[in-house]
Amino acid sequence: MKTPFLRHTSYILRIWKDDQCEEYRYTLQDVLTGEYRHFANLRALYHFLASISEGSVPRLVSVQEEI
């Protein structure tokens, strides 16, 4: 029997800042499997999301370019 192809994946995104750390931390939890993926920074999270979406990583926009 073939495994059905899923056309979407749902995640819960948690963002927090520890008292001991200046940077935010990120966790994705797969809603279907319950699996957690932890990311030390936004760039790592972005690369993971890009890799599962189209397999390509577009250029990141710097904070200064967004303003």
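Values computed for the structure shown
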read-out	value
Of residues in segment 12-25 being in a strand (DSSP E or B) and not charged (D, E, K, R), the one surrounded by the most Cβ atoms within 10 Å (Cβ to Cβ)	TYR24
Qualifying residue in segment 26-33 (condition: modelled with pLDDT of 85 or more and either assigned to a helix (DSSP H, G or I) or touching a Gly at 6+ places or on another chain (Cβ under 8 Å) (or both))	no
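The values are calculated or read from the model by the stated rules, or taken from the named source; none is laboratory data. Since we're looking at a predicted model, the values are computed, not measured. Cβ sites come from the backbone with ideal geometry, for glycine too, and all protein chains shown count toward neighbours.
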